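None of the figures in this text is laboratory data; all of them are computed from the coordinates on show. Because the structure is a prediction, the values reported are computed rather than measured. We place every Cβ from the backbone using ideal geometry, glycine too, and count neighbours over all the protein chains shown.
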Amino acid sequence: MIKESLKGKKFVASYSGGKDSMLAIYRAIKAGLEPLCFIITYNKDRNLSWFHGVPKGVLDSVSKSLNIPIRLIETSGEEYTKNFENALTKAKEQGAEVCIFGDIDLEGHLKWCSERCENVGLEPCFPLWQEDRKKLVYEFLESGFTSTFTVINTKMLDDRFLGLTMTKDICNEIEKEGADICGENGEYHTFVSDGPIFKEKVKFKLGDKIENEGYSILPILEEF
């Protein structure tokens, strides 16, 4: 839920590259908030974004298509919290009043994100909070977004879904296998490359499959 009082305010968004953060951002824009920038934590040891593994060149393409700056928080694990707050502070200095997050119902995430905002004087906003996971997946797809499965937790889900484009039928298959349809428990990660707020589809390619400690991963690569 987005409060009516936030309409017209500038926001910074915690962006991951995946479907939930993108849907939250889309809802914020539709509700009349103005995007100032997105921030994404970037593992400086691996030269990829944390969690979703998106390289800088592809993030640059996303930024260009959205016409919204994406700022990298280059950080190691030890400096993660401090550097995240530093990025929020910079956004606030440039006019942001609100920070948008795509979390749905994990209380630990709510607490961590809210504390980061409170520490720097931004209002946290969770547009998807405590909504039905299946309805959120359907809303994302019905809105016209294109998303690719790039990481599968093979302890929770078969990796036959890896590399596929997300559809309702595929998400229903995931649910039938006993996994969460929204991947909120870490079953999978996605990369969003097109949709209603993109000016053009983001070009990228997928590398060879990597298997790492219970995860099957298709690396996201720049397409030249």
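So the values come out like this:
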{"read-out": "Residues being small (Gly, Ala, Ser), surrounded by 19 or more Cβ atoms within 10 Å (Cβ to Cβ) and under 15 Å from THR150 (Cβ atoms) - total across segment 172-207", "value": "2"}
{"read-out": "From SER65, SER14, residue being among the polar types (S, T, N, Q), in contact with a Cys (Cβ under 9 Å, 6 or more places away or on another chain) and crowded, with 17+ Cβ neighbours inside 10 Å", "value": "SER14"}
{"read-out": "Residues that are part of a helix (DSSP H, G or I) and under 21 Å from ASN119 (Cβ atoms), drawn from segment 58-72", "value": "none"}
{"read-out": "Top-ranked residue of segment 210-219 - restricted to ones that are touching a Ser or Thr at 6+ places or on another chain (Cβ under 6 Å) and of a type outside the set (S, T, N, Q), ranked as surrounded by the fewest Cβ atoms within 10 Å (Cβ to Cβ)", "value": "GLY214"}
{"read-out": "Failed criterion for HIS109 (all others in (1) surrounded by fewer than 21 Cβ atoms within 10 Å (Cβ to Cβ); (2) touching an Asp or Glu at 6+ places or on another chain (Cβ under 7 Å); (3) more than 18 Å from ALA24 (Cβ to Cβ); (4) without any contact (Cβ under 8 Å) to a residue 60 or more places away in the chain hold)", "value": "(3)"}
{"read-out": "Residues of segment 1-52 that turn out to be part of a strand (DSSP E or B), within 15 Å of VAL98 (Cα to Cα) and without any contact (Cβ under 8 Å) to a residue 60 or more places away in the chain, as a count", "value": "5"}
{"read-out": "Residues satisfying the stated conditions in segment 150-198, i.e. within 25 Å of ILE29 (Cβ to Cβ), assigned to a strand (DSSP E or B) and touching a residue at least 24 places away in the same chain (Cβ under 8 Å)", "value": "THR150, HIS189, THR190, PHE191, VAL192, SER193, ASP194"}
{"read-out": "Residues that are within 13 Å of ASN67 (Cα to Cα) and among the charged types (D, E, K, R), drawn from segment 22-39", "value": "GLU34"}
{"read-out": "Members of segment 199-209 found to be over 18 Å from the mean Cα position of the chain (by Cα) and part of a loop (DSSP other than H, G, I, E, B), listed by number", "value": "LYS199, GLU200, GLY207, ASP208, LYS209"}
{"read-out": "Conditions (1) of a type in the set (Gly, Ala, Ser); (2) out of contact with any Lys or Arg (no Cβ under 9 Å at 6 or more places or on another chain); (3) under 19 Å from PHE51 (Cα atoms); number of the one not met by GLY144", "value": "(3)"}
{"read-out": "In segment 73-95, residue surrounded by the most Cβ atoms within 10 Å (Cβ to Cβ) [restricted to those that are in contact with a helix residue (DSSP H, G or I) (Cβ under 7 Å, 6 or more places away or on another chain) and not in a helix (DSSP H, G or I)]", "value": "ILE73"}
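Yes/no matrix, rows are residues, columns are (1) in contact with a helix residue (DSSP H, G or I) (Cβ under 9 Å, 6 or more places away or on another chain); (2) over 14 Å from MET22 (Cα atoms):
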residue	(1), (2)
ARG133	no, yes
GLU142	yes, no
PHE149	yes, yes
ILE152	yes, yes
MET156	no, yes
PHE161	yes, yes
ASP169	no, yes
GLY183	yes, yes
